[in-house]
Amino acid sequence: MKNILVTGGAGFIGSNYINHILYERDDYNIINLDKLTYAGNLENLKKSETKKNYQFIQGDIGNAELIRFIFEKYKIKYVINFAAESHVDRSILGSEIFFKTNVLGTNVLLETARYFEVEKFLQVSTDEVYGSLGEEGKFSENTQISPNSPYSSSKASSDLMALSFYHTYGMPVVITRCSNNYGPFQFPEKLIPLMIINALNNRKLPVYGDGLNVRDWIYVIDHNKAINLVFEEGKLGEVYNIGASNEMKNIQIVKLILNHLNQSEDLIQFVKDRPGHDRRYAIDSTKIQSQLGWKPAFSFEQAIVKTIDWYIENKLWWQRIISGEYQKYYSEQYKTN
Ligand code: NAD
Ligand code: TYD
């Protein structure tokens, strides 16, 4: 059995990872540590909660005492660190929690993992650490790190910190840097779920600036499969870019969503641009494809429709989020604020 500490497993990507991997691997014993911030939701894990080799703990990755206790009690030998504050717009409104969780929290995990001599530490990073591209080119693993938002700079810090633990202490660290994800259970503050939900509610769809910023989209299942491949077979001390070569302008996505929902483009509202808005992201994932044999299984056309349909079929999930009902439930269950 591999005792794996998965952090942030009640969030979008982490919960999809757990829901998928528990059905693929019966040699994984997953301890999911999540603070249950506004973005964490145990409803995402209904499929996994009854599994024998799964356990949930509510807590903060920055709580050194708790982390030490978990490593000791569960004999943790592997870590996959998904936990983070993840939304650029929130980081612009207030950056402190981003540095607390993403930098200091990751430091606690790394130090504890070092003390307990873990066999693998996978840091889930992002292509946003590379900054912004012009019209041409793609991010490779050798592209200069150049983050522009408080969010991406906090992720770059944790990513480089993890690498420094490999170089300094020989810790078995691997890093993944993925592009924008979409799929089920994504919190409705991010572009795709926000636009789907607003369209379903006949509300305006706020498009920042001219709507021509480009993101490189990947279906969450493809990201998670790549993460697991890097976790199992990635070379220590290495960075792996993950992306599915699906560059889209924001306005194209918004129109596609409206079109699929038979809603009018009159719902589009161009609003003030995000400060420091990165213009274009595009990932070169040649390394993971050629060295580890990964390739995306889902086409954008197929998976975006699957995603829109998921939000149509799971109205209760997002309606409860919007109404704050889950938060109330968790604060009673776990006595959080
Ligand atoms: P998310 O915001 O949906 O989930 C984050 C989870 O972390 C939540 O469950 C939250 O409760 C938990 N968390 C936050 N602070 C914590 C703390 N201090 N201690 C313990 N748990 C805490 O984010 P996501 O979209 O699922 O992203 C997961 C990871 O993937 C992040 O590290 C993010 O930077 C990275 N990433 C995301 C994308 C994307 O497109 N969403 C792309 C590339 C990389
Ligand atoms: P987002 O989902 O926040 O991801 P990120 O900023 O990490 O790439 O945003 C994706 C793109 O969509 C980004 O260019 C900003 C834009 N956007 C809007 O135009 N309107 C919105 O309401 C949001 C949330 C994002």
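Annotations for the structure displayed:
- Using every pair of distinct Cα positions in segment 81-209, the Kirkwood expression returns a hydrodynamic radius of 16.2 angstrom.
- On the principal axes of its alpha-carbon atoms, segment 29-148 has extents of 49, 33, 27 Å, going from largest to smallest.
- Helix-derived mean residue ellipticity, 222 nm - over the chain, DSSP H n ≥ 4, -39500 (n - 2.57), to 500: -11500 deg cm²/dmol
- In this rough spin-label picture, where each label sits 7 Å from Cα along the Cβ direction, the residue 96-residue 202 distance is 4.2 nm.
- Relative contact order (%) - criterion: Cα under 8 Å, at least six apart; region: segment 160-271: 39
- Anchor residue 155: lysines whose Cα lies under 16 Å away (excluding residues fewer than 8 positions away in-chain): 100
- Radius, Kirkwood style, for the chain when every pair of distinct Cα atoms is counted (Å): 20.3
- Whole-Å distance, taken between Cα centres, linking segment 123-148 and segment 52-110: 24
- Spin-label proximity, residue 73 to segment 1-20 - amide N less than 20 Å from point 7 Å beyond Cα toward beta carbon: 2-11
- Relative contact order %, segment 197-257, counting alpha carbon pairs below 8 Å whose residues are six or more apart: 50
- Charge tally in the Cβ shell below 13 Å around residue 123, where Lys, Arg are +1 and Asp, Glu are -1, residue 123 excluded: +1
- The chain, relative contact order [Cα under 8 Å, separation at least 6], %: 17
- For the chain, the solvent-accessible area works out to 44 Å² per residue, with a probe of 1.4 Å and every protein chain left in place.
- Portion, in percent, of the accessible area of the chain that falls on carbon or sulfur, probe 1.4 Å: 48
- Think of the chain as having a plus end and a minus end, set by charges on the Cβ of Lys, Arg, Asp and Glu; of 256, 144, 197, 197 sits farthest toward the positive end of this dipole.
The values are calculated or read from the model by the stated rules, or taken from the named source; none is laboratory data. Everything numeric in this text was worked out from a predicted model, so none of it was measured. FYI the Cβ positions are ideal-geometry reconstructions off the backbone, even for glycines, and counts take in every protein chain you see. Protein only, heavy atoms only, side chains kept; ligands, DNA and RNA dropped before computing areas. Shrake-Rupley method; radii C 1.70, N 1.55, O 1.52, S 1.80 Å.
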